[in-house]
Every structure is written in structure tokens, then in C-alpha cells.
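What follows is a set of notes on a single structure, which appears directly below.
The values are calculated or read from the model by the stated rules, or taken from the named source; none is laboratory data. It should be emphasised that the depicted structure is a prediction, and the values quoted were computed from it without experimental measurement. Note that we place each Cβ from the backbone using ideal geometry, even for glycine, and neighbour counts take in every protein chain shown.
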Amino acid sequence: MARVPLLQLNEISLTFGGDPVFDGLSLVAQPGDRVALVGRNGSGKSTLMKVMGGLIEPDRGEVIAGPGVSVGYMEQDPDLSGYATLGDFASAGLDASEMYKVERAGEGLKFDPARPVETASGGERRRAALARLMADAPDLMLLDEPTNHLDIEAIAWLESELKATRKGFIIISHDRAFLRELTRATLWIDRGSVRRQEKGFEAFEAWRDETWDEEDTQRHKLNRKIKAEARWAVEGISARRKRNQGRVRALQELRSERASQINRQGAAAMALDAGPKSGRKVMEATGITKAYGDKVILKPFDLTVQRGDRIALVGPNGVGKTTLLNMLIGREEPDTGTIKLGTNLELALFDQARDQLDPDMSLWDSLTGDPEMRVSGKADQIMVRGHPKHVVGYLKEFLFDEGQARAPVRSLSGGEKARLLLAKIMARTSNVLVLDEPTNDLDVETLDLLQDLLSQYDGTVLLVSHDRDFLDRVAVTTIAMEGDGKATVYAGGWSDYIAQRQQDDFSQSVVKTKGSAPKVRDEKTVKSGLSFTEKHRLETLPAEMERLSAEIAKLEDLMSDPELFTREPVKFQKATDALIQRNEKLQEAEEEWLMLEEKASE
């Protein structure tokens, strides 16, 4: 029996005062779909989602939801007017008995439902919008950059929730690891058309490159055919004018076909100039601490940064990563300890709040009004890495068209704002790059280019990010800030940090287990080095771990029912408690087995 689609778009066309965003677009969302929606910044991803969510009416075509199907859209900039607190907004439309769903999402996403809307940050507002969608659990969830402003712990919680749900969802995200983990199909917006592949984001880049290679081959063949036909037209048409009018018309059609082909948007022409070299030692922190009242941000911490280092700061939101970053570059003083900055430093800062951009200024004025970029006596030129350049030409290098030059910054998408800020930073030379959440909203192609630039950059990079894939590609050292003022330095990127931390945790548990193990008296010790009781325990532990794993699987299957929350809340809570208990027992059993195996091998 054929499945009834959740949502169907038939021959959608939409224009915003210029070239059409979409023309004759059709697509179908099926029950259980787990889809990545990808495309370049400005290609229309958010616009398409708003059409699907009913927030934008198409000029032509129809949007049809299945019978009884609910569709929910998480906006990047939610309107919370009319609500007193974030919790009021997140629980809108829910019964009072369902408020626990918002509280649960609040814990996972780390926002306070009691926070007044008027004092909430943009990130808190977005998390409230995400909590509202997760609590409402519509049949089709439309998630527009849901990981922006989430720390890695909250991203992991969201991944777990989306893995467990039976609802369909479509995700726009720059976070490769997040998309790889969750998606089983990909929608690709490219020059106004939408292609679909029944494979997750893992296969997207290979599919994209193959499609573009085929396109280039076909364009090359078409150009050769036009060239051959044009030569024939010049050399032979006069002798066979009447008999070959059809061939002339065919040539005109070939030329029309080539003219109708829309060239792919190229990559931004980004470049980094490290300028003069800094001293070999860029900065040295000795015994630095920081606290705000009773909240300890940093306990005594030492760090030496050498020229060319790529250092990432990771940890939950609010733990103090930006504070440590500001102390290291001299923008904030530590409570105790010293920070010595090296010689000949030229810093360039990318701040996560985009405070360097005035939303009411035009893109033109954002660049020409910058004192460091201004060219004396030239109102239409800016200084780019020591050379004057026309402001519109420079904007085009970062994929802005001429019509956007006089538009206000507030009209830009999140990705376009990030590109504009990168344009300001890259116009000047620097030998220390400070990047605080640079990946938010950037498309995959721009992220690839930024990663390549950073790998070739001769200067030093200090980076704060929650993008695990980006951290793995860029960082060679990771500073983990996990709360209580503790900061630990690890070699490598995110995956290296996780592997080392797990090894440290295991080593500590083995030491603890060995130290607390009761002494066994009057027992024969077998040749393996284990006592009789330990040998018996080693033999029985695998069966115990298998039993616990099976129980965990059953509990997870039970809790995957999305209606269990509302239908049987007591049962759901008992299952949650049992799952936590069995996971703890399984972890203890695994650690004991590893410890005994290690002892046996010795």
C-alpha cells in the first residue's frame, strides 16, 4: 500500500522582485523522512522551508499537506512578542499537563523557561523556538540551523532526540557531523532547482562533484557543437541557403540552450595575508585565574602559544571560553597571574555576536566607513591587504551582487553576515586570527574554503567552535573547559580530545577500582594472576553485560514511542529511571571486565 505523503509541493514558483527563486519546483516529503536540505548561502534554503511551513505564499503552484498532518517550522529569528517568558513561548499550544515536555527540552537545550523574553539573548530565543518545536512534535519538523548557539552537549542531546523520534524532519545545517549522524536523504538546491538523492549527507559531496563534472562535460560538448555549426554556417550557408535553413535554426536553438544555462556560483575569493611574522612566542599565560563573584571561571592555568599554533577552546556554553580567549589576547585582565604577549602581533577578531557589523548600515558603508579600510579621497574604494580596490568589486569576491551593496546589513541572511565579517577581517593583514564561532550559518563550500585558508595561513589561530568536524580539520591543540574553572590542554582536535579524555577516565576508574578492591584471604591464586573469585567474575561478566545490553535495547525501544510521554507519563518516568540505572551498571561491568582483563594479562 502506497504511503500518503506528509507534504507535497506542486510546480512552485516564487519571485522576490528579480530573478525567480524557484520556478516550477516540485517535491514530496514522506513519513519518516530524515532529510538534509543543502545549498549555497542565498540559494533559497530558508525560503523553501518557509514555503513548506506555510509562512510564505508562492506566486504559483500549491502546497498540500496530507490529511491530519501537522507541520512545524523552527525559525532562525523567532518573534516572541506577546510572551512574558521563554517558557510561555515554548509551551504555547500545549496543555498544562504537557509543560514537562518544555522543561525536559529546556534541560537538554540549556535554556531557562522562566527567563523574561525582554532580557533573553538571541541564542536563548532560538533555543526556546527549538524547544517549542520538539515539545509540539509535529508530523514534519522543519529545522533551520538548529545547532546554531548550541554547545556540543546540547547538540548531542538534540541528535539523540531526533534519532529516537518517528516523526519526519528536514534539516538545514552547516554542521557536517550532525547531518552525517541523522540524515538518510538529501535535498540539494542549486540555481533554483531541487535535486533529491536517497542517501544521507555523507554521500552529498561526492554526488555534487559528480553532477558538476557531468555538467561541465555536457557544456564542453555543447560548446564544441556550436563552434562546429557556426563554422559551417559561415563557410557553406551561401551555397545551400534554401536547403539548410533548418540547420541554421538548429544552431540558433543551440545558442539559446547555452544562454539559458545558469552558471554555478563560484567559491568566495577569500584570502588571508599573514603579513609580517610575529615573534616565535605569541603569548604566555602563567597561573591566570578568573571569577565573577562566586562563579569560578578559571583556576590557575598555564599556556604557551607558539607562532603557527592552531588552538581550539571547547566546552559548554557559559563555561568561560570567550572570557579565556579575551584574556589571552589582552582584552580582559585575569584576577591573578600574568599574560605576556609576544612581539609584532597583528590581531584580527571574528566575534560570535557579529558586533563589528551595524545592522542599519549598508554593506558599502560597512566597508568604506571602517577607518582601517578607508582610502583617503576615494569614496568608492577600500584598502585590501595594502592595495586599493573598488568596494563593489571586493563585495563580488565574497559573492555579493551589485544590488546588495547599498542594502542594509540587517537584510542579509546569517551566512551572508558571516561572509561580510570575513570580508572585513581578510581585507587587512594579520598574524593572529581570533575566531569566536566562525562557522555559524556558513555553507559547506565556504567552510571548505575557510578550512583550506586556515591550513595554509602562516600566522597563529585561536578558535572557539562547537562544530566537531571543523575542529577536527583545523585544530592541532584543544583546550577543554568543562566547568568548575578547570581547563585541560589536549593534543589534536575534537576526536583526539574525546579519545584522550575517555582513556583518562578509564585509567582513573581502574586506579580507583584497584585501590578500593577488598583483599581476598586464603585463596589459591591461579597462574593467570587472578584469584579464584576474580577468575570466576571474569568468566561471568560477559553474560551479565549482554543481559544488560538487551534490557537497555528493550527500554530504548519502549521509549522511542513518541506518544508515551502523554499517554503514560508514569510509565515513561519509570522507564527513564530504569534506563539510567542499567546504563550505569553496564558501564561499571565494562570497567570491571577491562580491569580484570588487564590484570590477567599481567
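Considering (1) surrounded by fewer than 14 Cβ atoms within 10 Å (Cβ to Cβ); (2) under 30 Å from Val28 (Cβ atoms); (3) not aliphatic (A, V, I, L, M), the lone condition that Pro116 does not fulfil carries the number (2). In this structure, does Leu48 turn out to be in a strand (DSSP E or B), touching a residue at least 24 places away in the same chain (Cβ under 8 Å) and either under 25 Å from the mean Cα position of the chain (by Cα) or closer than 27 Å to Asn440 by Cβ (or both)? In short, no.
Remark: pairs (first residue in region 412-434, within 23 Å of Arg307 (Cβ to Cβ); second residue in a helix (DSSP H, G or I) and of a type in the set (A, V, I, L, M, F, W, C); Cβ separation under 9 Å; 6+ apart in sequence or on different chains) = Leu422/Leu450; Met426/Leu453; Ala427/Leu367; Leu433/Ile425; Leu433/Leu454; Val434/Leu325; Val434/Leu328. Looking across Trp157, Trp188, Trp207, one residue alone is closer than 25 Å to Asp77 by Cα and touching a Phe, Trp or Tyr at 6+ places or on another chain (Cβ under 8 Å). It is Trp188.
Each residue in region 402-426 was checked for being within 13 Å of Leu367 (Cβ to Cβ) and either in the same structural domain as Asn148 (by TED's automatic domain parsing) or assigned to a helix (DSSP H, G or I) (or both), and 10 pass. Residues in region 557-570 that are assigned to a helix (DSSP H, G or I), surrounded by 13 or more Cβ atoms within 10 Å (Cβ to Cβ) and not hydrophobic (A, V, I, L, M, F, W, C): Thr566, Pro569.
Summed over region 356-412, the residues that are at positive phi and of a type in the set (A, V, I, L, M, F, W, C) give a count of 1. Since Glu229 meets every condition but one in (1) over 21 Å from Asp144 (Cβ atoms); (2) at pLDDT 90 or above; (3) of a type in the set (Asp, Glu); (4) touching a helix residue (DSSP H, G or I) at 6+ places or on another chain (Cβ under 8 Å), which condition does it not meet? Only one criterion in (1) over 21 Å from Asp144 (Cβ atoms); (2) at pLDDT 90 or above; (3) of a type in the set (Asp, Glu); (4) touching a helix residue (DSSP H, G or I) at 6+ places or on another chain (Cβ under 8 Å) is unmet by Glu229, namely (2). Is it the case, given these coordinates, that Glu346 is of a type in the set (D, E, K, R) and touching a helix residue (DSSP H, G or I) at 6+ places or on another chain (Cβ under 6 Å)? The answer is no for Glu346.
The rows are residues; the columns are (1) in contact with a Lys or Arg (Cβ under 8 Å, 6 or more places away or on another chain); (2) closer than 27 Å to Thr119 by Cα.
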site: Leu7; (1), (2): no, no
site: Asp23; (1), (2): no, no
site: Leu27; (1), (2): yes, no
site: Asp59; (1), (2): no, no
site: Val69; (1), (2): no, no
site: Gln76; (1), (2): yes, yes
site: Leu86; (1), (2): yes, yes
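The residue pairs whose first member lies in region 327-354 and is of a type in the set (Lys, Arg), whose second member is surrounded by 13 or more Cβ atoms within 10 Å (Cβ to Cβ), and whose beta carbons are closer than 7 Å, counting only pairs six or more residues apart or on different chains, are Lys340/Met283; Lys340/Glu284; Arg354/Lys417; Arg354/Leu421. Within region 73-98, the set of residues being surrounded by 13 or more Cβ atoms within 10 Å (Cβ to Cβ) and more than 14 Å from Ala128 (Cβ to Cβ) comprises Tyr73, Glu98.
If I go through region 179-198 residue by residue, how many of them are of a type in the set (Ser, Thr, Tyr), surrounded by 14 or more Cβ atoms within 10 Å (Cβ to Cβ) and in a strand (DSSP E or B)?
Number satisfying all stated conditions: 1.
Yes/no per residue for (1) at pLDDT below 90; (2) closer than 21 Å to His174 by Cα; (3) out of contact with any Cys (no Cβ under 6 Å at 6 or more places or on another chain); (4) hydrophobic (A, V, I, L, M, F, W, C):
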| site | (1), (2), (3), (4) |
| --- | --- |
| Val4 | yes, no, yes, yes |
| Thr15 | yes, no, yes, no |
| Pro31 | no, no, yes, no |
| Arg40 | yes, yes, yes, no |
| Ser46 | yes, yes, yes, no |
| Lys50 | no, yes, yes, no |
| Gly53 | no, yes, yes, no |
| Ile56 | no, no, yes, yes |
| Glu62 | no, no, yes, no |
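Here Thr446 fulfils each of the conditions (1) closer than 17 Å to Ile152 by Cα; (2) in contact (Cβ under 8 Å) with a residue 40 or more places away in the chain; (3) under 15 Å from the mean Cα position of the chain (by Cα) apart from (1).
The residue list Ser43, Ser26 contains one member that is within 26 Å of Arg180 (Cα to Cα), in contact with a strand residue (DSSP E or B) (Cβ under 9 Å, 6 or more places away or on another chain) and loosely packed, with under 14 Cβ neighbours inside 10 Å, which is Ser26.
Yes/no matrix, rows are residues, columns are (1) surrounded by 18 or more Cβ atoms within 10 Å (Cβ to Cβ); (2) more than 24 Å from Ser43 (Cα to Cα); (3) basic (Lys, Arg):
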site	(1), (2), (3)
Ser366	yes, no, no
Gly369	no, yes, no
Ser376	no, yes, no
Ala379	no, yes, no
Gly393	no, no, no
Lys396	no, no, yes
Gln404	yes, no, no
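No other residue among Val305, Val375, Val314, Val296 is within 15 Å of Met283 (Cα to Cα) and either at pLDDT 95 or above or hydrophobic (A, V, I, L, M, F, W, C) (or both) apart from Val305.
Counted as qualifying within region 312-393 are the strands (runs of 3 or more DSSP E) with 3 or more residues that are farther than 23 Å from Thr429 by Cα, namely 336-341.
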